[in-house]
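Visitor: For reference, the structure I am asking about is given below.
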Amino acid sequence: MNCGELLIIGGAEDKCLEGEVLNKFVELATHSEGGIGILPTASEIPEEVSTEYIKIFRDLGVDRVEVIKLDSRQDADDPAICEQLASFSAIFISGGNQSRLSELIGKTKFHDALSKAWHEGMVIAGTSAGASILGKYMIVAADTMLNDNKLKVEIGLGFGFLDGLIIDQHFSQRGRFDRLLSAIAGKKEIMGIGIDENTAILVKDGHFEVVGQHQVLVLDGSTSDYINITSSDNGSEELTLSGFNLHALTRGYRFDLLTRKLLMKKGIQQ
């Protein structure tokens, strides 16, 4: 069986009956029986977050919506919680802190079960921190140095559903171009994908399509002909780069993750 779709959301998606992104998720989730499991582990207010998503998913016509309560690595290795996971047709991973997801779930039985379920066709969506965790790598922190306003970017491991990608969210709204560029500089095998709020990429069979209101940026350094990273005494970095590819996509446009090329909207000739 083919892997399920991944709906990777830039955060702050509209939570109303007309919201395009969550409507797309519900459409995918209801292609098969099982209902939706909400994973709010990344959030410091999981009950509040869960209540909001339960309401909107039920308003959108989903009969079965349940919360997966997972607050420790012991929970993530609990066979009963892994069995609960397997009963859903789709999982929604909320926002919060992606490091918390990695620390509590990474390399646990739940992580293995989630990967297995996705490989067998389960739909998985993640918003904000839940989006960043889906790549092989993720930005753990990007602190501005007080002395000179330079970025220091820390990279960690995500869940690894998409190889060779770092996903950043709230992208344009929080001015994260510099931190994503810094994260992939010098790593030709890794692409950076920045997703705006109320916007998502729907990933299936090696390509994605943009869903939602705003824009998605793809940063690709595989063709770069010059990269120089200079470190200062305080640990910050200055970048000199040339030959990077930048792709900006809006609703309906598609992108091939294997060839790293733009695919036009369906029905439009390239």
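The values are calculated or read from the model by the stated rules, or taken from the named source; none is laboratory data. Note that the structure is predicted; figures quoted are calculated from it, not measured. Don't worry about glycine lacking a Cβ; one is built from the backbone with ideal geometry, like all the others, and counts go over all protein chains shown. SASA here: full protein model, heavy atoms, side chains in, ligands and nucleic acids out. Shrake-Rupley method; radii C 1.70, N 1.55, O 1.52, S 1.80 Å.
Visitor: Only one residue in ALA113, ALA117, ALA125 is within 18 Å of THR30 (Cα to Cα), in a helix (DSSP H, G or I) and not basic (Lys, Arg). Which one?
Guide: Unique residue meeting the criteria: ALA117.
Visitor: Could you please give the count of residues in the range 254-270 that are modelled with pLDDT of 90 or more, open to solvent by 60 Å² or more (accessible area, probe 1.4 Å) and either of a type in the set (A, V, I, L, M) or over 23 Å from LYS188 (Cβ atoms) (or both)?
Guide: The qualifying residues number 1.
Visitor: Now, a different point. Looking only at residues in the range 100-116 that are of a type outside the set (Val, Ile, Thr) and in contact (Cβ under 8 Å) with a residue 60 or more places away in the chain, which one is surrounded by the most Cβ atoms within 10 Å (Cβ to Cβ)?
Guide: The selected residue is LEU101.
Visitor: ASN97 is checked against (1) in contact (Cβ under 8 Å) with a residue 40 or more places away in the chain; (2) open to solvent by 30 Å² or more (accessible area, probe 1.4 Å); (3) out of contact with any Ser or Thr (no Cβ under 9 Å at 6 or more places or on another chain); (4) under 24 Å from GLY194 (Cα atoms) and fails just one. What number does that condition carry?
Guide: Status for ASN97: all satisfied but (3).
Visitor: Additional query: If I ask for residues that are surrounded by fewer than 19 Cβ atoms within 10 Å (Cβ to Cβ) and in contact with a strand residue (DSSP E or B) (Cβ under 9 Å, 6 or more places away or on another chain), which ones from the range 56-66 would you list?
Guide: Result: ARG58, VAL62, ARG64, GLU66.
Visitor: Looking at the range 189-208, can you tell me whether even one residue there is more than 20 Å from the chain's Cα centre (by Cα), crowded, with 16+ Cβ neighbours inside 10 Å and of a type outside the set (Asp, Glu)? Reasoning before the result, please.
Guide: Step one: filter the range 189-208 for residues more than 20 Å from the chain's Cα centre (by Cα), giving none.
Scanning the range 189-208, I find no residue that is more than 20 Å from the chain's Cα centre (by Cα), crowded, with 16+ Cβ neighbours inside 10 Å and of a type outside the set (Asp, Glu), so the answer is no.
Visitor: Filter the range 179-216 for residues that are of a type outside the set (S, T, N, Q), free of Cβ contacts under 8 Å to residues at least 60 places away in the same chain and not in a strand (DSSP E or B) and give the result.
Guide: Selection gives ARG179, LEU180, ALA183, ILE184, ALA185, GLY186, LYS187, LYS188, GLU189, ILE190, GLY206.
Visitor: Against the definition (assigned to a helix (DSSP H, G or I), farther than 28 Å from GLY206 by Cβ and open to solvent by less than 70 Å² (accessible area, probe 1.4 Å)), how does GLN84 come out, yes or no? Full working, then the answer.
Guide: On the way: assigned to a helix (DSSP H, G or I): yes; farther than 28 Å from GLY206 by Cβ: yes; open to solvent by less than 70 Å² (accessible area, probe 1.4 Å): yes.
Judged against the criteria, GLN84 is a match.
Visitor: Moving to a separate point now. What number goes with the only condition from (1) within 18 Å of the chain's Cα centre (by Cα); (2) free of Cβ contacts under 8 Å to residues at least 60 places away in the same chain; (3) more than 24 Å from GLU120 (Cβ to Cβ) that GLY10 does not pass?
Guide: Looking at each condition in turn, GLY10 falls short on (2).
Visitor: Please give the number of the condition THR230 fails out of (1) in contact (Cβ under 8 Å) with a residue 12 or more places away in the chain; (2) part of a strand (DSSP E or B).
Guide: Evaluating THR230 over (1) in contact (Cβ under 8 Å) with a residue 12 or more places away in the chain; (2) part of a strand (DSSP E or B) leaves (1) as the failure.
Visitor: Related question: Would you pick out the residues in the range 222-237 that are modelled with pLDDT under 75, of a type in the set (Gly, Ala, Ser) and surrounded by fewer than 12 Cβ atoms within 10 Å (Cβ to Cβ)?
Guide: Passing the criteria: only GLY235.
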